[in-house]
Amino acid sequence: MTQHKKSLPLIIFICLILVIFLSLNITVRLLGSSLKADMTANQRYSLSPASQKILSSLTSPVQIKLYLSNSWAQENPAYANYAQFVTRYLRKYQQIAGADKIKIEIIDPKPFSAAEEDAKKAGLKALPDLSGQSNLYFGAVISNALGKSAVIPNFIAARSGYLETDISRILAKLNTGSHKNVGLVSPQLPLITHAYGQAIPNWAIVAQIQNDYNIIELSDRIAQIPTNIDVLLVINPGQLSPLFAYALDQYVLRGGKLIVLSDIFSDKKAADKGKLSATSANMNPLFQSWGFSIPQDKVVGDRTLGEMVTITTPNGPQSKNFPYWLQLTSAQINQNHPITQGLSRISLKSAGMIVPQKDNPQIKITPLLTTTPHANSVDKALFQKQNQSEQENKFAEGNEQYILAAEIDGKFSSAFSKNILDGTPSAQKLPPYLPYSIAQGKIIIVSDSDFIVAENWADTGATLNNPVYGLAPVYDNGAFLLRLLDYLTGKEEVLGLHNTEPLNIKTVGENIYTHTFNKYADAYSQAQAELNQRQLLAQNYAKATQQAFTPLTAQQIKELETNKQRISDLQQEINKIAYQIKEENTQELSRITDYNIIYIPVLTVLVILLIYLIIKKRAQKRIGGIANELHSN
Amino acid sequence: MLNDSYTILKKEFGSYFRTPTAYIIIGVYLVISMFSTFYSAYFFMNNNSGLGSFFSYQPEILVILIPALTMKLWADERRSGTLEFILTQPISYNAIILGKFGAAVLFGILLLALTGPFVIYVSFLTELDWQNIVSGYLATILTIMVLTSIGCLISSFNSNAVLAYLFSVFVGWLLISLNYDFMLAPLFPLSENVTYLLSQSLNFYANYLDMTQGEPGLDNLTYFLSLTILILWINRVTIEYKKQ
């Protein structure tokens, strides 16, 4: 009894400090994310002010169901890291918005479970595991209390730089009402296919636009742009019909928002249908009434921004700087304009130049994309005749800086003197002819259309049948076009969203392999290039023999035999190099492991022991000295 | 008080090196740490810019090794009967507790410092995120502090060092591995938010991961420091209580 009485204060004391401990921790946690530091390179856990604004304006609670197969982590540790990053990122959204605004549910959709069924129904895309027996999921369904929802079928690590943009755009989309309408006119490039009464996007960029907007396809033969169009996107018109030119003219004068991608030389069309069909309509009569023009006979080149490409030269394939395929960096992208602010990499192919007219105070032209001051232009007719090697060879550096994309803002005059259908019964069906703008017009002109081709700006290798969230952008081309639409439709809340540098997902093993490979890279690529050439030669011989039906000469047979022997030697050589790389890489990995697990620990213990012995000896010496001193005294 | 603490710290810290214990612990720590980094945490298959593979198993390794440093701190005093002598000296209890605790923590920090060559080695293999690494090391130091305080407390209850070691490992393991959510489940219908907050506040790994993944916060620091102070406080009270 006395013992119990003695222990009671101690127990009460311990309970009391436990309560204090819990209260303190909960209080600090309640203070939330404002007291968190982001101690990572590139501040990868920090949400941009634009995302924070979207979160603060959420009108309805949002639920995020993250479907994440646990077995994925066991199969692929690198992917497990990305899953952890995504989870943490979603938690960041929750921390900022509050647990009552965003609820996160993490679900492991085990094979044949109800959760797996739900994931499938929601539209998540599964990947087979290593055994091929079961499905692995890593995607999310984001929905709000109003019944609106959006799905990310797969999170892919290569798109990590766009994670914030993707999630914030979805939240903004759920938060706002109906989608805006984008009118699309693309008579030359088949952006959309129609099947079974449905419009199926052919190009990834269309799917990306469709994710946020309603796309209404329009013909390039109409005389009036429908009034329900919020922004009109005209891509590379082939021939501008007078009716459609009139429609565009009057649409802009009524304050309609317009984006024109007018290509002087469409590389995409050249690849599909031949070089001579690769031009766009001459829209200069319209452009001139809007305060600028695009010279139809000039293609812009800039060696400083040229892309390194493999060009077939008379001496075989060579890596060369191709000045007509431009890789713009932040310096050439207007960082003070809301559309282009924060964009750092845009690629254009064989672009034209936008030339502003000098004497029009009512029109303001703001460059969005430019070349460096060392650009030059070449004659388009000559450009079309030359092959890539000649185009590269003949280019001379200049001292011009060209505008490649611009915003045109102001009040315009009509390029027409009257209603184009005047004198016909249809004239009454059109709205009254306007000679001048009745509202401020906004036009964005880009002198290239190839920049929207997904292969030119994204790694399309692992899209997982998902052209929106499965694309891993290498350039900001897609973001640029989306921002043009966001800007003109007034979606300011998403304009400030910036993609960040993608996470460095290269593993240590890959780094070591690259290092080992680089030692043999020259020998490997030389052998590979020669092999390709000799295989091509063999193919050409075979084709020529089949077509000519003539027997080969002794000289040719000898040449063929030599070629065959060399191909075999080269294949052996390549295999040998590959084997050497593999062996050296394995040895390097073992060496690193052995050093860190055996040699460094043993050496460290010995060094510590040595240091201790030295200290001890010195101490003993000192004590001995003091003892001797005392003894002598 | 600080001078007294420092004297005790120096004495206790030096005593580790007078026996082979220190060298064995250092060797074992480095080998297990590296082994878990390269094999259990798939060093080559991860990006490791923040040394994630290295930090992922540190709590488990320290749970085994830190009690080896703390098991004798009080138990030996108790067994040899010097505890009463120390407690009657004109030194405050806080100074004694802090001195002993500090010596073990300092040894723990020394263990971590000895992984420096590994970090330098890795910096030649991949690009490192130094801020993240600093945050990870801070998390590990705080883990050492919590585990040391647990070890000190349990050692103060026991005169048998082996028992103190086993209990410390067990309690440390409970702390780092146990998911308290099942205990909090009955609270869930009452308030989802409070339950979530409690679950996050008590979860050792959630706090540890926040820091090793580069997102330390006042909540994590409060968790580790308040837990350490709480346990050291209980340590002081029990010693005082035992003396009475």
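Only the coordinates and a few stated rules stand behind these numbers; no lab work does. Quick caveat: nothing in here was measured; it's all calculated off a predicted structure. Every residue, glycine among them, receives a Cβ derived from its backbone with ideal geometry; neighbour counts consider all protein chains shown.
So the values come out like this:
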{"quantity": "Cα pair distances exceeding 30 angstrom across the range B:2-243, given as percent", "calculated": "31 percent"}
{"quantity": "Distance histogram for the range A:320-476 (every C-alpha pair counted, 10 angstrom bins, percent rounded to whole numbers)", "calculated": "9, 27, 27, 22, 13, 2"}
{"quantity": "Contour excess over end-to-end distance, with Cα ends at A:GLN546 and A:ILE222 and 0.36 nm allotted per residue", "calculated": "111.4 nm"}
{"quantity": "Cα→Cβ-extended label distance, 7 Å offset, between A:ASP569 and A:LYS148, nm", "calculated": "6.9 nm"}
{"quantity": "Rounded to whole Hz, the Karplus (6.51, -1.76, 1.60) HN-Hα couplings of the range B:128-135, x for glycine and proline", "calculated": "9, 9, 5, 4, 4, 5, 4, 4"}
{"quantity": "Lysine-lysine proximity count for the range B:2-243, Cα under 23 Å, sequence distance 8 or more or distinct chains", "calculated": "9"}
{"quantity": "Among A:GLY132, B:SER33, A:TRP203 the positive-end extreme of the charge dipole of the protein assembly as shown (Cβ point charges)", "calculated": "B:SER33"}
{"quantity": "Spin-label model distance (nm) - A:SER113 vs B:SER40, 7 Å beyond Cα toward Cβ", "calculated": "2.6 nm"}
{"quantity": "Candidate aspartates and glutamates - alpha carbon under 15 Å from A:LYS358, same-chain residues fewer than 8 apart omitted", "calculated": "A:ASP409"}
{"quantity": "Calculated P(r) tail over 41 Å for the protein assembly as shown, as whole % of Cα pairs", "calculated": "54 percent"}
{"quantity": "Relative exposure of A:LYS273, A:LYS110, A:LYS173, judged by other C-beta atoms within 10 Å (fewest first)", "calculated": "A:LYS273, A:LYS110, A:LYS173"}
{"quantity": "Mean-position separation - Cα centroids, the range A:465-485 and the range A:531-579, in angstrom", "calculated": "43 Å"}
{"quantity": "Spatial separation of Cα centroids for the range A:596-629 and the range B:168-244, in angstrom", "calculated": "40 Å"}
{"quantity": "Cross-link table A:LYS92/A:LYS442; A:LYS53/A:LYS148; A:LYS53/A:LYS442; A:LYS273/A:LYS558; A:LYS173/A:LYS411; A:LYS53/A:LYS257, entries beyond 30 Å C-alpha to C-alpha", "calculated": "A:LYS92/A:LYS442; A:LYS273/A:LYS558; A:LYS173/A:LYS411"}
{"quantity": "Gained length - A:ALA529 relative to A:VAL602, 0.36 nm times residue gap less alpha-carbon distance", "calculated": "21.5 nm"}
{"quantity": "Under the Karplus curve 6.51 cos²θ - 1.76 cosθ + 1.60, θ = phi - 60°, whole-Hz ³J(HN,Hα) for the range A:573-583, x wherever Gly or Pro sits", "calculated": "4, 5, 4, 5, 5, 4, 5, 4, 4, 4, 4"}
{"quantity": "Sorted by Cβ neighbour density within 10 Å, fewest at the top, the residues A:THR340, A:THR460, B:THR222", "calculated": "A:THR460, B:THR222, A:THR340"}
{"quantity": "Selection from B:GLY50, A:PRO367, B:LEU202, by position along the positive dipole direction of the protein assembly as shown (Cβ)", "calculated": "B:LEU202"}
{"quantity": "Positive-end residue of B:TYR137, B:SER149, B:GLN213, charge dipole of the range B:2-243 with Cβ unit charges", "calculated": "B:SER149"}
{"quantity": "Two-decimal Rg to Rh for the range B:18-100 - Kirkwood Rh, Cα set", "calculated": "1.19"}
{"quantity": "Other-chain or far-sequence residues with amide H under 5 Å of A:PHE416's (modelled H)", "calculated": "none"}
{"quantity": "Estimated dipole of the range A:508-593 in Debye, rounded to 20 [Cβ of Lys and Arg +1, of Asp and Glu -1, Cα centre]", "calculated": "260 debye"}
{"quantity": "Per-residue Cβ neighbour rank within 10 angstrom, fewest leading, B:CYS152, A:CYS15", "calculated": "A:CYS15, B:CYS152"}
{"quantity": "Set of lysines with alpha-carbon distance to A:LYS564 below 19 Å, sequence-local pairs under 8 removed", "calculated": "A:LYS543, A:LYS576"}
{"quantity": "Debye log10 I(q)/I(0) for the range A:508-593, one point scatterer per Cα, at q = 0.23 Å⁻¹", "calculated": "-1.04"}
{"quantity": "Chain A: relative contact order as a whole-number percent, Cα under 8 Å and 6+ apart", "calculated": "13 percent"}
{"quantity": "Cβ charges +1 (Lys, Arg) and -1 (Asp, Glu), total dipole of the protein assembly as shown, debye", "calculated": "1580 debye"}
{"quantity": "Those lysines that a straight Cα-Cα span of less than 19 Å connects to A:LYS269, excepting residues fewer than 8 apart in one chain", "calculated": "A:LYS298, A:LYS349, A:LYS380, A:LYS385"}
{"quantity": "Over the range A:10-128, volume per residue of the alpha carbon convex hull, in Å³", "calculated": "202 Å³"}
{"quantity": "Enclosed volume per residue, in Å³, of the convex hull spanned by Cα atoms of the range B:61-131", "calculated": "113 Å³"}
